[in-house]
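Q: Here it is: the structure, laid out below.
Here, each number is a calculation from the coordinates, and none is a lab measurement. This is a predicted model, so every value here is computed, not measured. Ideal geometry is used to build each Cβ from the backbone, glycine not excepted, and the neighbour counts take in all protein chains shown.
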Amino acid sequence: MELTNNEKRMLKALRTKPDEKWGLDSLLSACGWDDQAHVAGAGLALAEKELVEMETEKSVVWNLGPEGDQAIENGLLEKRIWDWLESQPESSRSMKDLQESEVVSKQEAGIGVGLLKGIGCQFEKGSFVLPEITDSVIVTLVARHSFLEQCKKGASEQDLDSELLAHFRKRKGLIESIEGSTRTWRLADAGQKLSDEGLEERLQVVEITPELLQGEDWRDADFKSYDVELDAPVPAGGRPHPMMALIERIRSIFLEMGFDEIDGNFVQTAGWNMDALFIPQDHPAREMQDTFYLTNPEKIEIEQKYLDDWTSIHESGGETGSTGWGGSYSTDESQKGLLRTHTTVNTVRYLADKPDVPCRVFGIGRVFRKETIDRTHLPEFHQIEGIIMEPGSSLPMLVTTLKTFYEKMGYPEVRVRPAYFPYTEPSLEVEVKWRGQWLELGGAGIFRPEVTEPLGCKWPVCAWGMGLERLAMLVLGLDDIRQLYISDLEWLRNQPLL
Ligand code: PHE
């Protein structure tokens, strides 16, 4: 059996008087400790190992009252008067002398008479008369003082002298009692049977430090084992916000899957945010009530080449074989400044820069839409966006990639369903099973030729975009998206490490 040094020491003490019930004070002095936490800790551990029997009894504990603290500091009233009397000539020990002295207040002088009589003085014709032999007075005064000292530390009733207790109970404010409990420890049979050798105290290592490992002492030392199941305080230090932690985790998953990270500006043009993606200029989602258009910059210039390409694609399909949307394309509309409504603008701009280099890229970024805030909507949220363009990139490759991602996130059940986006064909909706339900987390598809051909892309482009907050709600088990951005410290502290 493994015993700590404290346990060994306490057990050794108990073994000196195997039949005795030991109290706190006697154990403290037998073990040479001055902190009762040692007795409490070792005692509890020994009791758990059934080497000692521990009993807890309810008891009354006496402490000092407010007057008691005063008495410890300045001396009990009777002691102060007594000292004064002894220093006075016999002829000046009258009540009046006492009142005029600085030893007591007026009130105290009155009470003093009774107290002094109680310890053996007489009071005759207005003056105190001291007894012939003063020994017993001194004994009483010392006893009273040490009684108060005992109470100062908190003493259980059975440890106190009953006569003195009766005396002090009658005096006002000197002592007060509270309900407490006292523990006693007694050696158990198993503790008695243990051999002496096992009780030698040894160097015990609680903490392994570099210094310790540099020396040789650790070779013969005992290492204190840890009980990992004990309750421990939860450290409340700083830590990343759950959203930051989640972003980090997603980032590392895509990096691990061989993707590079890309980024982009919040401020974009309608052209790159929408026209490049073959979203018709009269699409309802482009309206003022859905998109934050800017007054500054109201217009951002776009290279003529793109404006020309998008004009022909939108009006007639350009050279893609598509018929386009018809009508007439507005380059003014195209150059309007706005806050990006999706991160697909990042991937399409990336393709415009590098249309002929195979790529796997992703980005996590904030997007803006005029949403009314409710349980599932925010006007600012994040999307996780990505594309794969390489020889042989295909729909199955896209689905497998997304499945792999969700599996790594801890959601192995994923399905895709047909969907519609103006910029992909075919288009998919990605759903994940959570608590028995299928939840839609994002969109995906192969970019249409109307998107990729004007940019000069050499291979099919697999693309997807999904909502980060939606995913966060799953991961953190939330039913209100707003919880993520309320700085509720209690909630933040209790979130799992992601
Ligand atoms: N941009 C779409 C959205 O905001 C998601 C999407 C991205 C769909 C890429 C298809 C391809 O919901």
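Q: Computed FRET efficiency, Cβ-Cβ of LYS106 and SER29, R0 56 Å: what is it to the nearest 0.05?
A: That gives a FRET efficiency of 0.80.
Q: Below 14 angstrom from the Cβ of GLY118, what's the summed charge of the other residues (Lys, Arg +1; Asp, Glu -1)?
A: With Lys, Arg at +1 and Asp, Glu at -1, the net is +3.
Q: Which of MET389, MET473, MET288, MET397 has the fewest other C-beta atoms within 10 Å, and how do the rest follow up to the most?
A: So the ranking, lowest neighbour count to highest, is MET288, MET397, MET473, MET389.
Q: Turning to a different aspect of this structure: Compute the length gained on full extension between LYS21 and GLU390: take 0.36 nm times their separation in residues and subtract their Cα-Cα distance, giving the result in nm to one decimal.
A: 124.6 nm
Q: While we're here: What is the sum of charges around ARG349, taking Lys and Arg as +1, Asp and Glu as -1, for the other residues whose C-beta is under 13 Å from the C-beta of ARG349?
A: -3
Q: To the nearest 0.05, how large is the calculated FRET efficiency for GLU163 and ASP196 if R₀ is 35 Å and r is the Cβ-Cβ distance?
A: The value I calculate is 0.20.
Q: Would you list VAL113, VAL39, VAL206 from fewest to most Cβ contacts within 10 Å? Spell out each step's value before the answer.
A: On the way: VAL113 15, VAL39 24, VAL206 8.
In increasing order of surrounding Cβ atoms, one gets VAL206, VAL113, VAL39.
Q: Here is a further query. Given the Cα-Cα distance of GLN289 and VAL60 and 0.36 nm per residue of separation, how much length would full extension add, in nm?
A: Result: 75.1 nm gained on full extension.
Q: Starting from the Cα of TYR485, step 7 Å toward the Cβ, then list every residue of the stretch 351-365 with an amide N under 15 Å from that point.
A: So the set is 365.
Q: Rounded, prolate or oblate: pick one for the stretch 66-173, where a ≥ b ≥ c are the square roots of the eigenvalues of its C-alpha gyration tensor, a/c under 1.5 means rounded, and failing that, prolate if a/b is larger than b/c, else oblate.
A: Prolate, since a/c reaches 1.5 and a/b exceeds b/c.
Q: Relative to a virtual label point 7 Å from the Cα of LYS172 in the Cα→beta-carbon direction, which members of the stretch 29-73 show backbone nitrogen distances below 11 Å?
A: Backbone N within reach: none found.
Q: Could you sort the peptides 443-452, 258-267 by per-residue average Cβ neighbour count (10 Å cutoff), highest mean leading?
A: 443-452, 258-267
Q: In whole Å, what are the Cα extents of the chain along the three principal axes, biggest one first?
A: Taking max minus min along each principal axis of the Cα atoms, the chain gives 130, 65, 46 Å.
Q: What shape does the stretch 364-498 take by its C-alpha gyration tensor, where a ≥ b ≥ c are the square roots of the eigenvalues and a/c under 1.5 counts as rounded, a/b above b/c as prolate, and the rest as oblate?
A: Taking the square roots of the gyration eigenvalues as a ≥ b ≥ c, the stretch 364-498 is prolate.
Q: For the stretch 145-208, run through the GluC sites (Glu not before Pro) and keep only the ones in DSSP coil with at most 10 other Cβ atoms within 10 Å of their Cβ.
A: GLU200, GLU207
Q: Still on this model: Can you work out the FRET efficiency for the pair LYS117 and GLU53, with r the C-beta to C-beta distance and R0 = 35 Å, to the nearest 0.05? All intermediate terms of the calculation are to be shown ahead of the outcome.
A: Details: r = 49 Å, r/R0 = 1.41.
Result of the calculation: an efficiency of 0.10.
Q: How much of the DSSP bridge set in the chain is antiparallel, in percent, rounded to the nearest 5?
A: Percentage antiparallel, nearest 5: 95.
Q: For the stretch 187-258, go through all pairs of different Cα atoms, get the mean of 1/r, take its inverse, and jot down that Kirkwood value in Å. Spell out each step's value before the answer.
A: Numbers: mean 1/r = 0.0555 Å⁻¹.
Kirkwood radius, the stretch 187-258: 18.0 Å.
Q: In addition: Starting from 0.36 nm per residue, how many nanometres of slack lie between LEU492 and GLU229 once their C-alpha separation is accounted for?
A: 92.3 nm
Q: What angle do you read, to the nearest 10 degrees and between 0 and 90, between the alpha-carbon axis of helix 304-316 and the longest principal axis of the chain?
A: 70
Q: Given a cut-off of 27 Å, name the pairs among LYS152/LYS172; LYS370/LYS403; LYS21/LYS172; LYS17/LYS170; LYS354/LYS433; LYS12/LYS49 whose C-alpha atoms lie farther apart than that in the structure shown.
A: LYS370/LYS403; LYS21/LYS172; LYS17/LYS170; LYS354/LYS433
Q: Now, a different point. Arrange ASP135, ASP159 by Cβ neighbour counts within 10 Å, fewest through most, would you?
A: Going from sparsest to densest Cβ surroundings: ASP135, ASP159.
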